[in-house]
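Contents: one structure, followed by commentary.
The values are calculated or read from the model by the stated rules, or taken from the named source; none is laboratory data. Since we're looking at a predicted model, the values are computed, not measured. Quick reminder, even Gly has a Cβ in these numbers, built from the backbone with ideal geometry, and neighbours come from all protein chains shown. These accessible areas exclude ligands, DNA and RNA; they are computed on the full protein's heavy atoms, side chains included. Shrake-Rupley method; radii C 1.70, N 1.55, O 1.52, S 1.80 Å.
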Amino acid sequence: MTLKEKLQEIELHFNYWCGSFQRKELITNSVRITAESICKAVILFSENEIQGTKIILGKTPLPASDRSSKVGDRLKFFELIQVLVELNKFKDSPHIKLHFDLIRNRTNPSSHSSNKNSDDTDEEDLEVCNTSIKQVIRWFYQTIVNPTAHNNSKCDEWEPRPYFGI
């Protein structure tokens, strides 16, 4: 798993999300994948690709708290968010964790076969997810990627785009 692959995945799935959102399709899979990919990219960027991949794949004891998957199982979305908490990534932007949580909570029911009508995605879910993913993407590129992009060899191949038209 590489940072470059995750950056490409973020852009791809965000573009899928934008199309779905503009068409008001009641699906949220692309926004969830975008947010999960951002979590993974933050981990890869913060640690390094080898250690970050081990964390993402669950091959390290991190995160120690709130882990429901076994060691050796890839981390679930809420566990990826917890890793960012443990890496202190929300220290200066606590509202970003809220946006990750909103995306996770709003997309979780529609990630599975619906058992009741309240699990179905509605337009309010789309609006909340759209607002939240834009905040997360801005935070990611402005706080995680851009401050060190010119001095960090990990980002040499990254050609900043204007936040995909946000």
Looking across region 39-61 at residues that are open to solvent by 30 Å² or more (accessible area, probe 1.4 Å), assigned to a helix (DSSP H, G or I) and touching a Lys or Arg at 6+ places or on another chain (Cβ under 9 Å), the single one that is modelled with the highest pLDDT is K40
The lone condition L102 fails out of (1) more than 22 Å from Y16 (Cα to Cα); (2) at pLDDT 90 or above; (3) open to solvent by 30 Å² or more (accessible area, probe 1.4 Å) is (1)
Could you please tell me which pairs satisfy a Cβ distance under 6 Å, a separation of 6+ or placement on different chains, a first residue in region 73-84 that is closer than 9 Å to I55 by Cα and open to solvent by less than 10 Å² (accessible area, probe 1.4 Å), and a second residue that is among the small types (G, A, S) and outside any helix (DSSP H, G or I)? L75/G58
State all residues of region 23-41 that are of a type outside the set (A, V, I, L, M, F, W, C) and within 8 Å of the chain's Cα centre (by Cα); if no residue qualifies, say none. R32, T34, E36, S37, K40
Which of (1) of a type in the set (K, R); (2) at pLDDT 95 or above; (3) outside any helix (DSSP H, G or I) does K24 not meet, given it meets every other one? (2)
Collect the residues in region 105-126 that are among the charged types (D, E, K, R), under 21 Å from Q22 (Cβ atoms) and open to solvent by less than 90 Å² (accessible area, probe 1.4 Å), keeping them in residue-number order. R106, D120, D122, D125
Considering only region 1-31, state which residues are open to solvent by less than 30 Å² (accessible area, probe 1.4 Å) and either closer than 22 Å to F78 by Cα or among the β-branched types (V, I, T) (or both). L3, K6, L7, I10, F14, W17, T28, S30, V31
